[in-house]
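**Q** Provided herewith is a single structure, encoded as structure tokens, for subsequent inquiry.
The values are calculated or read from the model by the stated rules, or taken from the named source; none is laboratory data. Not measured: the values here are computed from a predicted model. As a convention, Cβ positions derive from the backbone with ideal geometry for all residues, glycine included, and neighbour counts pool all protein chains shown. Accessible surface areas use protein heavy atoms only, side chains included; no ligands, DNA or RNA. Shrake-Rupley method; radii C 1.70, N 1.55, O 1.52, S 1.80 Å.
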Amino acid sequence: MPAVKTKKRKVSKKNKKAWRKHVDTRDVDKFLEDSRLEERLGSFTTRKDSELFEVSAKPEVLPKKLQRELLKSKEPRCFNILKPHTAVPDPITKRNRVRTKEERKNALVLKKEAIRKSRGILKLKEKLKLKNRMIAMTKRLAKPKRGEFNSDVWKEKIANDVDIEWLSSDTIRHTLTHFGVKKKRLPNSLHKKPSVLPAVEAPHPGMSYNPSFDDHQSLLHKVAQKELELIKEEKHLERVTTKMFKKVSPEEKENNMIKELSEGLKLVNSQDSKENEDEDEDKDPTVKSINPPVKNVKKTRVQRRKQREQKELAFKQQQKKVEKRKISDIYRLKLLDRQLSAKERKIKMLREKRLKRKALEAMGTKTLSRIKFEPSEPDFQLAAELTGNLRNSEPTGNLLKDRFKSLQQRNIVAPSKLKLKRDKAKVKRFIKPDHKIDMTKTE
């Protein structure tokens with residue numbers, strides 16, 4: 001089948017953009033690429049076959065020993081990046097090289113330095129360099145080799161002959177880090193105890209199995225006072241809640257409800273409603289506006305002048321008062337001094353109160369959860385229950401519960417409540433429509 005010849009489309013080529021768009025330049029690009037490649041790698045037409053190809057007469061597989069020797073003698077691949085990757089010669093044949101600091105020095109200066117060093121006269125920088133070099137050498141020699149265990153690391157101790165009481169913690173840490181010994185810095189929260197209270201508090205002497213009469217009576221009095229406070233609080237709650245409301249019969253309750261619901265409604269049979277209607281009737285037919293329109297009356301020039309004069313006069317009087325107060329304050333220096341001293345005494349008293357309150361707060365328990373901390377009730381025994389010896393006395397209290405309450409009181413554990421039942425989600429149950437059975441239908 002002969003190729004169908006398409007008619008060449010005529011397009012405009014009057015500017016560069018149109019020319020580039022509608023002219024095929026692939027052959028030109030290919031020629032330029034070939035010429036660049038030839039510049040980089042050299043011309044293949046002028047080279048001989050011996051330069052391009054190599055006839056190998058050696059065996060293909062060499063022994064491993066010979067391969068290793070060849071690899072050793074071969075140039076590493078990492079040096080390929082330093083070689084020129086193109087056959088194009090460097091356009092700048094002679095390049096300037098930056099001389100080193102030693103090369104830039106004058107010959108006379110170099111000679112003077114050599115004489116100075118031979119006599120043993122060294123600069124501070126050179127002395128430090130020599131010292132650091134010696135320290136590094138001693139460290140390198142003292143470092144044990146692998147597998148050598150000449151010293152016991154557990155018996156080694158850091159020499160601490162320097163008095164470090166006046167040094168800050170940051171200075172000590174910096175110095176230890178400089179000598180290669182790192183000191184860990186604990187956070188501030190670990191330095192401070194969570195509570196001032198002791199871990200184990202001494203029990204009341206009245207709790208003993210054989211207490212003295214006074215101690216036992218003071219403990220019972222303390223427990224009785226606490227119970228009285230609780231009874232008083234219960235009575236107060238009952239008085240302000242239950243006893244505030246009266247008992248009402250059902251009929252009276254219903255009448256009160258009807259009265260409350262019908263408040264504001266017009267009842268037909270009641271005389272009060274008729275009286276209210278008569279009062280509501282407006283006898284005067286004329287309509288009066290509550291807010292009459294305000295006329296925009298402008299001030300005259302005389303009024304404005306008088307207003308300005310009044311303002312100036314008020315300002316002058318204010319300035320006179322200020323000056324008069326300044327003069328009177330000079331004669332009130334003793335009074336001002338007494339006021340300042342009284343204010344200072346008040347501030348001092350408030351500061352002391354604040355410090356006392358802070359001390360009490362430190363002794364108290366903080367709010368760590370939504371549940372308030374409740375201290376455990378003191379264990380006590382009545383006079384009839386006391387035995388006088390440890391063998392016949394019955395055990396009271398719980399040690400685990402006491403320690404747990406102590407942790408809560410010292411802000412280590414958040415207060416919580418014992419929960420015996422788990423909260424279950426309320427699931428709504430229903431019967432599917434297709435599972436329902438209609439018992440009313442009969443066959």
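**Q** Which ³J(HN,Hα) values, rounded to whole Hz and listed in residue order, are derived for segment 356-366 from phi using the Karplus coefficients 6.51, -1.76 and 1.60 in 6.51 cos²θ - 1.76 cosθ + 1.60 with θ = phi - 60°, glycine and proline given as x?
**A** Per-residue couplings from phi come out as 5, 5, 5, 5, 5, 5, 5, 6, x, 9, 7 Hz.
**Q** Determine how large the accessible area of Lys101 is when every protein chain is in place; take a 1.4 Å probe and give Å² rounded to the nearest 10.
**A** Around 150 Å² of this residue is reachable by solvent.
**Q** Can you work out the PRE-style zone for Glu201? Point 7 Å along Cα to Cβ, and I want the residues of segment 373-395 with backbone N under 14 Å.
**A** 373-379
**Q** What does the extension gain come out to for Glu385 and Glu165, with contour length at 0.36 nm per residue minus their alpha carbon separation?
**A** Value of the extension gain: 73.4 nm.
**Q** Cα convex hull of segment 38-121: mean projected area in nm², to one decimal?
**A** That works out to 12.8 nm².
**Q** Between Ser43 and Lys346, 0.36 nm times their residue separation minus their Cα-Cα distance comes to what?
**A** 98.7 nm
**Q** Compute the relative contact order of the chain as a whole-number percentage, counting only Cα pairs closer than 8 Å that sit 6 or more residues apart in sequence.
**A** 17 percent
**Q** Assigning unit charges at the beta carbon (Lys, Arg +1; Asp, Glu -1) and nothing else, what dipole magnitude in debye, to the nearest 20, does the chain show about its Cα centre?
**A** 5760 debye
**Q** Read phi for every residue in segment 407-418 and hand back ³J(HN,Hα) as whole Hz from Karplus 6.51 cos²θ - 1.76 cosθ + 1.60, θ = phi - 60°, with x for Gly and Pro.
**A** 5, 5, 5, 8, 6, 9, 10, 6, x, 8, 10, 6
**Q** Just round it to a whole percent: the fraction of Cα-Cα distances in segment 298-412 exceeding 26 Å.
**A** Counting every Cα pair in segment 298-412, those more than 26 Å apart make up 68 percent.
**Q** Using heavy-atom solvent-accessible surface (probe 1.4 Å) with all chains present, what is the largest-first order of Asp214, Asp329, Asp90?
**A** Largest accessible area first, the residues go Asp214, Asp90, Asp329.
**Q** Right, here's the next one. Tell me the mean residue ellipticity at 222 nm calculated for the chain from its helices only (DSSP H runs of n ≥ 4, each -39500 (n - 2.57), averaged over every residue, nearest 500).
**A** Helix contribution divided over all residues of the chain: -15500 deg cm²/dmol.
**Q** Hey, another quick one. Rg and Dmax of segment 281-350, Cα atoms, in Å?
**A** Using the Cα atoms of segment 281-350, the pair Rg, Dmax is 27.7, 74 Å.
**Q** Counting only the heavy atoms of the protein chains, how much of Thr177 is accessible to a 1.4 Å probe, in Å² to the nearest 10?
**A** For Thr177, the solvent-accessible surface is approximately 70 Å².
**Q** Right, something else. Please report the carbon-and-sulfur percent of the accessible area for segment 118-252; probe 1.4 Å, protein heavy atoms only, DNA, RNA and ligands left out.
**A** The value for segment 118-252 is 59 percent carbon and sulfur by accessible area.
**Q** Remind me, what semi-axes does the chain give for its equivalent ellipsoid, largest first in whole Å, using sqrt of 5 times each Cα gyration tensor eigenvalue?
**A** In descending order the semi-axes read 91, 61, 50 Å.
**Q** Another one. What is the ratio of the Cα radius of gyration of segment 21-79 to 2.2 N^0.38 Å, where N is its residue count, to two decimals?
**A** Rounded to two decimals, the normalised Rg is 1.98.
**Q** Compute, for Asp379, the solvent-accessible surface of its heavy atoms (probe 1.4 Å) with the complete set of protein chains present, and express it in square angstrom to the nearest 10.
**A** Counting only protein heavy atoms, Asp379 exposes about 70 Å² to solvent.
**Q** Provide Ser195, Ser376, Ser56 ordered by accessible surface of protein heavy atoms (probe 1.4 Å), highest first.
**A** The ranking, largest first, comes out as Ser56, Ser376, Ser195.
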